[in-house]
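The values are calculated or read from the model by the stated rules, or taken from the named source; none is laboratory data. It should be emphasised that the depicted structure is a prediction, and the values quoted were computed from it without experimental measurement. Glycine also receives a Cβ, built like all others from the backbone with ideal geometry; neighbour counts cover every protein chain displayed. Heads up: the accessible areas ignore ligands, DNA and RNA and are worked out on the full protein's heavy atoms, side chains in. Shrake-Rupley method; radii C 1.70, N 1.55, O 1.52, S 1.80 Å.
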Amino acid sequence: MHELSIAQSMIELIESEASRHAARRIRKVRLVVGEMSAVVPEALQFCFEVASEGTVAEGAGLEIEKRPLKARCKACGRAFAVQDYAFICPSCGGYHTETISGNELYVDCIEIDDVE
Ligand SMILES: [Zn+2]
């Protein structure tokens, strides 16, 4: 399952960050997820709760920030929101585009509690 492996690598990252900062508990984690990464937030939320059991991240809040899919036309430079995966420029009809947003999948910030 896609979301479970994401949740597990999040926990790994969180645990190494927590030990680096001598944190006893994680209050909140923010994850940035692009449209193209095909993450189902509800499923990820559930997997995160399961994967964090017994770890420093247990009970931590998970915030998921979604980024829409956007591309830029290489011919005219117009940036546009991509709908239904149609990478066609609305200005000039060009299809040579580069993706500028929507591929993200990373932990943006971790809020730590009780540093000793
Ligand atoms: Zn264009």
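Ordering 86-92, 3-9 by mean Cβ neighbour count within 10 Å, with the highest value first, yields 3-9, 86-92. Fully extending the segment from C92 to S16, taken as 0.36 nm per residue of separation minus the present Cα-Cα distance, adds 22.6 nm. For the chain, the calculated P(r), taken from all Cα-Cα distances in 5 Å bins from zero up to the bin holding the longest distance, is 2, 12, 19, 17, 12, 10, 9, 8, 6, 3, 1, 0 percent.
A straight line joining the Cα centroids of segment 94-114 and segment 49-86 runs 6 Å.
In a simple Cβ point-charge model (Lys, Arg +1; Asp, Glu -1; nothing else charged), the chain has a dipole of about 720 debye relative to its Cα centre. Solvent exposure of the chain amounts to 60 Å² per residue of accessible area, where only protein heavy atoms count and the probe is 1.4 Å. Tell me which trypsin sites (Lys or Arg not before Pro) from segment 25-102 have a DSSP coil assignment and no more than 15 other beta carbons within 10 Å of their own. Of the trypsin sites (Lys or Arg not before Pro), the ones in loops of segment 25-102 whose Cβ has at most 15 other Cβ atoms within 10 Å are K74, R78. Computed over the chain, the per-residue total of -39500 (n - 2.57) for DSSP H runs of n ≥ 4 gives a 222 nm mean residue ellipticity of -9000 deg cm²/dmol, rounded to 500. Carbon-plus-sulfur fraction of the accessible area of the chain, 1.4 Å probe, in percent? Within the chain, the accessible surface is 49 percent carbon and sulfur.
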